[in-house]
Amino acid sequence: MSSKPFRIAIIGSRGYPHVYSGYETLVKEIAERLVKQGIEVTVYCHSHLFKTKPKTYLGVKLVYIPTIRSKTLSQPVHSFMAFWHAGFSRANVILALNAANGPFGLIAKICGKPCAINVDGLEWLRPKWKGLGAVYFRIAARMATWFFDTIITDAEAMRKIYMEKFGRDSVVIAYGAYVKKSRMTPLIRKWLLNIEDYYLIVGRLIPDNNADIILKGFVESNSTRKLVIVGDVPYKDDYADAVKSEKDPRVIFTGYIKDPTELAELYHNCYVYFHGHEFGGTNPTLLKAMGYGTAIAALDTVFSREVLQEEKYGYYFQKDPESITNFINWAESHPEEIKSRKSITRDGIGTKYDWDTITSLYLSTLKNHIPKTG
């Protein structure tokens, strides 16, 4: 007689199979792999984001929960209801994503349901969460350390921060990436680009990604290459507007790029990728750049240094335009050094950032670090 399947409920993303950001990618990658291993996975979805609502997709069970359509309230309201639903479900364990869901671990406790949470980054330090938003994220992160059976961080540096600030240890499970090589170089001609004749920035145009500082440093440099900036924000924003107001003819704004093949080719064929993300642990965009074999210049943070293994796979700049300018002027006169670095960058992915490894770590953590249910 076969044993009962191990059942996992996942809460905290917008849903599956939609892929918007890092959380949704994480859900997609691990859920599909877990189902293939005989694990029963249920993903809680924001109802209004799905025109059709199948009960399952590729073996993953789907539950659609309504919520308020609000930038700040949609996820907390959704999570509140989803936790109650999961609490009375047959799930053996709840996996939550985002420290904002910290308070809802109490619901799991009330329902007697073991729970783990991936707390992600230092949301309370991000400029977009000023005032009450920052206060909420800081309190929610602390509450996560009270109510959840296991805390998951995606970087050793983040584990240390949670130890120092909240006195709570965590299991470190990194984010994942794929190793890929260029297959359709002509796609970059859409923006009148040639191989290695441009620098690249990818990310939302928000203050903590520091596109403005990189842009200023580039404009002041002596480079004849272009700077391609991929990304935007889906709302009216003074910061984004200020960045996009730059008139230097070397600067190209592509906006959002939805075609993953086009985006991959921009990574593959750039001269150097600039990574200005300031807060968070293992950043998906940085990993993507590594997997695609770019030369990488990153803002000098403990998180970037962990992923890039200090100077082994990356260069670093400080948070000021002059540092950017100095690096670009150096890079312009050292093409062989840049070429040599690009040739080894993919090696940094290894097994640590492999999705199969990551899925196995999540499964063992959820089985072994959570009290068993009957």
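Just so it is clear, none of the values below were taken in a lab; they were calculated from the coordinates. Fair warning: this is a prediction, and the values are worked out from it, not measured in the lab. Glycine also receives a Cβ, built like all others from the backbone with ideal geometry; neighbour counts cover every protein chain displayed.
For Val41, list long-range residues whose amide hydrogen, built 1.01 Å from N in the peptide plane, is under 5 Å from its own amide hydrogen.
HN-HN under 5 Å from Val41: Ile8, Lys61.
How many nm separate the modelled label positions at Thr224 and Asp320, each set 7 Å beyond the Cα in the direction of the Cβ?
The modelled label-to-label distance comes out at 3.1 nm.
What length, rounded to one decimal in nm, is gained on full extension from Tyr239 through to Thr357, with 0.36 nm per residue of separation minus their alpha-carbon distance?
Length gained, Tyr239 through Thr357: 38.6 nm.
For Glu311 paired with Ala134, estimate the spin-label separation in nm (one decimal), with each label point 7 Å from Cα along the Cα-to-Cβ line.
Taking the two extended label points, one gets 3.5 nm.
Considering only C-alpha atoms, what is the centroid distance from the stretch 160-237 to the stretch 76-110, in Å?
A separation of 33 Å, based on Cα centres.
In the chain, which whole DSSP H runs stretch at least 18 Å along their own axis (Cα) and average -0.5 or higher on the Kyte-Doolittle scale?
Within the chain the helices that satisfy the rule are 22-36, 74-87, 132-147, 355-368.
Using the per-residue mean of other Cβ atoms lying within 10 Å as a proxy for protection, in what order, highest first, do the peptides 272-281, 142-151 fall?
My ranking of the peptides, most packed first, is 272-281, 142-151.
Rounded to whole Hz and in sequence order, give me ³J(HN,Hα) for the stretch 94-105 from the Karplus expression 6.51 cos²θ - 1.76 cosθ + 1.60, θ = phi - 60°, writing x for Gly and Pro.
So the J values, rounded to whole Hz, are 9, 10, 9, 10, 5, 4, 4, 8, x, x, 6, x.
Tally the DSSP beta bridges in the chain and give the antiparallel ones as a percent, rounded to 5.
Here the share of antiparallel DSSP bridges comes out near 5 percent.
If the viscosity is 0.692 mPa s and the temperature 37 °C, what Stokes-Einstein diffusion coefficient in µm²/s follows for the stretch 42-119 when Rh is the Kirkwood radius over Cα pairs?
Translational D for this selection: 253 µm²/s.
I'd like the chymotrypsin sites (Phe, Trp or Tyr not before Pro) in the stretch 1-51 restricted to DSSP loop residues with at most 13 other Cβ atoms within 10 Å, sorted by number.
For chymotrypsin sites (Phe, Trp or Tyr not before Pro) across the stretch 1-51 that sit outside H, G, I, E and B with at most 13 neighbouring Cβ atoms in 10 Å, the list reads Tyr20.
Relative to the compact globular guide of 2.2 N^0.38 Å, what is the alpha carbon radius of gyration of the stretch 281-374, as a ratio?
The stretch 281-374 yields a ratio of 1.40.
If you stretched the chain out fully between Glu156 and Lys53, how much longer would it get, using 0.36 nm times the residue separation minus the C-alpha to C-alpha distance?
Contour length minus the Cα-Cα distance gives 33.3 nm.
At a 10 angstrom cut-off on C-beta neighbours, averaged per residue, how do the peptides 317-328, 85-96 rank from highest to lowest?
85-96, 317-328
To one decimal place, what orientation-averaged projected area in nm² is obtained for the convex hull of the Cα set of the stretch 185-348?
Result: 8.7 nm².
Note down the nm distance, to one decimal, between modelled labels 7 Å out along Cα→Cβ at Leu192 and at Ile252.
Simple spin-label model gives 0.9 nm for this pair.
Go ahead and run the numbers for FRET between Glu337 and Lys180, Cβ-Cβ distance against an R0 of 22 Å, rounding to 0.05.
Efficiency at R0 = 22 Å is approximately 0.40.
Can you give the convex hull volume per residue for the Cα atoms of the chain, as a whole number of Å³?
Convex hull of Cα atoms, per residue: 144 Å³.
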